[in-house]
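The values are calculated or read from the model by the stated rules, or taken from the named source; none is laboratory data. Given the structure is predicted, the values throughout are model-derived calculations rather than measurements. As a convention, Cβ positions derive from the backbone with ideal geometry for all residues, glycine included, and neighbour counts pool all protein chains shown.
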Amino acid sequence: MAKHQTPLLDELTKGPWPSFVDDVKAEAARRAANKDGVEYQIPVDVCEDLLGILELCYKDKETHWKHGGIVGVFGYGGGVIGRYCDVPKQFPGVAHFHTVRVNQPGGKYYTTEYLRGLIDIWDMRGSGLTNMHGSTGDMVWLGTFTEQLEEIFYELTHKMNTDLGGSGSNLRTPAECLGMSRCEYACYDTMALCYAMTQEYQDELHRPAFPYKFKFKFDGCPNGCVAALARSDLSFVGTWKGAIKIDQKAVAAYVGGELKPNAGAHASRDWGKFDIMKEVVDLCPTKCMSYDGKTLKIDDKECYRCMHCINTMPAALRVGDEKGLCILAGAKAPILDGAQMSSLLAPFVPVEEPFDEVKEVVENVWEWWMEEGKNRERLGETLKRLGFGKILEVTNITPDARHVQHPRENPYIFWTADEVGGWDRDIKEYRKRHAR
Ligand code: HEM
Ligand code: HEM
Ligand code: SF4
Ligand code: SF4
């Protein structure tokens, strides 16, 4: 029988959706049975006490978790988030319930051997509960005691060659789409760049010195499989210059029905015969495509690189040959202000090892934000407060039409006195030309 009765939580197990309550109960039962004879280093009933305390919170309609608490491992300022409850006598299994952030492998590629190695550490030294993966992209290991932290860190680094991730006011664990390892759309090697940036900025990752958290995300193309545009202070999104490559024979094969649109995805329903006008040409957001029944044309200078046409007819259309990335700045979830998407900062940056062009933008942005950003202000908020013109100035990026979100709505480009030969005017000179 369960250690605590949880009638309120049990409501969450009803209905067609998956439930974390079922998951935590399953883990509680697995720990109690202990088929593998694990030498648990924290209370065996941690999962039961987690359910118990949550039930009590629901009943009391207030939280029984204390606010904050700083814990960590020697030499690092982040990677562990401290949690303590205020009813440890009643729920000793969750007297401490610290979260450990673990840097995920590149492209989230795991072998079963590696995964088992990780879980063996966590079963023994933590609750066994994980969230794979958090929205940051790292593994989130939920619930352990302070005494276990150094042990976990030692075993992770020495046995598994794996590091902690970021937490607190530092660079959070960078994350990327799997890019060129599997995806033909990738405009740069996301895994190589993410790895290089993780290594380069170890200090920023482990030693919080920023006004607030800072996220990097790497998408190989504008399809945005890690949603860099919505979720990272600096978003690195693959793009190309020049023309989308068109294979007119393959276009004809799509029109004739020999090739399946969307590479055969969405096939669970009969959508009728493929209609290139309805499904591709008319859906182009900039209306830069045309098809006369024989030849597909694209006016490439108007193309937004939205990927729609390429996704629909991947065998006929390919991204252009000159590839690189664009850097966008300022996305965040609602914290002080509302949620915000990134704005275009650097329209095209070549991606070549050792990635100096990319690092230059990053370091200029940090230098400015660390100076000007208020405590707990995300880059996107600093940008809004001081204006987009400022970040263009500190990164030495020339303003251009692609920086304008809505014409006449974000006039952030101001002339300075020296650009116009000073503001001082001689009123008498002026009046000679302009009568009162
Ligand atoms: C009315 C119901 C719910 C609301 C209003 C809600 C709202 C939210 C919001 C605002 C976020 C943050 C999104 C972001 O800015 O990144 C979020 C994230 C999330 N939600 Fe919910 N949610 C609801 C129900 C659920 C349920 C039932 C589950 C799971 C059983 C769930 C699991 C998650 C997870 C795993 C995340 C991502 C956490 C992270 O990795 O940061 N949510 N939810
Ligand atoms: C089974 C229990 C829990 C689950 C599944 C869970 C899951 C998560 C996930 C997925 C994230 C986002 C990680 C990311 O950005 O990658 C997160 C962050 C967070 N969780 Fe939990 N969590 C749990 C328990 C708790 C508890 C008990 C507390 C508080 C006492 C807590 C407080 C927080 C806070 C404050 C953050 C944001 C930290 C930051 O990014 O600054 N969580 N949690
Ligand atoms: S973001 Fe683009 S390159 Fe990366 S996996 Fe998705 S479709 Fe492929
Ligand atoms: S990528 Fe998007 S904007 Fe560019 S031609 Fe295709 S549909 Fe149009």
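Worth pointing out:
- Selection status of Leu115, surrounded by 15 or more Cβ atoms within 10 Å (Cβ to Cβ), in the same structural domain as Gln148 (by TED's automatic domain parsing) and away from ligand 4 (no atom under 16 Å from the Cβ): no
- Some residue of the stretch 78-86 being surrounded by 23 or more Cβ atoms within 10 Å (Cβ to Cβ), at pLDDT 95 or above and over 31 Å from the mean Cα position of the chain (by Cα): no
- Scan of the stretch 1-44 for residues that are part of a loop (DSSP other than H, G, I, E, B), in contact with a helix residue (DSSP H, G or I) (Cβ under 7 Å, 6 or more places away or on another chain) and surrounded by fewer than 20 Cβ atoms within 10 Å (Cβ to Cβ), ordered by number: Ala2, Lys3, His4, Leu12, Thr13, Val38, Glu39, Tyr40, Gln41, Pro43, Val44
- Single residue of the stretch 275-303 satisfying the filter (free of Cβ contacts under 8 Å to residues at least 40 places away in the same chain, crowded, with 17+ Cβ neighbours inside 10 Å and of a type in the set (Val, Ile, Thr)) that is nearest to ligand 2 (Cβ to nearest atom): Val280
- Residue selected from the stretch 168-199 under the condition at pLDDT 95 or above and either on the phi > 0 side of the Ramachandran plot or among the basic types (Lys, Arg) (or both), by the criterion nearest to ligand 1 (Cβ to nearest atom): Arg172
- Selected residue (only one of Glu357, Glu367 is out of contact with any helix residue (DSSP H, G or I) (no Cβ under 9 Å at 6 or more places or on another chain), closer than 26 Å to Tyr201 by Cβ and free of Cβ contacts under 8 Å to residues at least 40 places away in the same chain): Glu357
- Any hit, the stretch 207-229, residues being modelled with pLDDT under 95, among the hydrophobic types (A, V, I, L, M, F, W, C) and under 30 Å from Asn375 (Cα atoms): yes
- Within the stretch 321-335, the residues that satisfy the criterion of being part of a loop (DSSP other than H, G, I, E, B) and either within 16 Å of ligand 2 (Cβ to nearest atom) or in contact with a helix residue (DSSP H, G or I) (Cβ under 6 Å, 6 or more places away or on another chain) (or both) are Gly330, Ala331, Ala333, Pro334, Ile335.
- Here the stretch 93-134 is the region considered, the condition is being more than 16 Å from ligand 3 (Cβ to nearest atom) and hydroxyl-bearing (Ser, Thr, Tyr), and the residue that is nearest to Asp219 (Cα to Cα) is Tyr110.
- Residue in the stretch 248-268 that is within 16 Å of ligand 4 (Cβ to nearest atom), surrounded by 17 or more Cβ atoms within 10 Å (Cβ to Cβ), over 30 Å from Met191 (Cβ atoms) and under 28 Å from the mean Cα position of the chain (by Cα) present: no
- A residue that is touching a Lys or Arg at 6+ places or on another chain (Cβ under 6 Å), assigned to a loop (DSSP other than H, G, I, E, B) and within 16 Å of ligand 4 (Cβ to nearest atom) cannot be found anywhere in the stretch 123-142.
- Subset of the stretch 73-99 [in contact with a Leu (Cβ under 7 Å, 6 or more places away or on another chain) and part of a strand (DSSP E or B)]: Val80, Thr99
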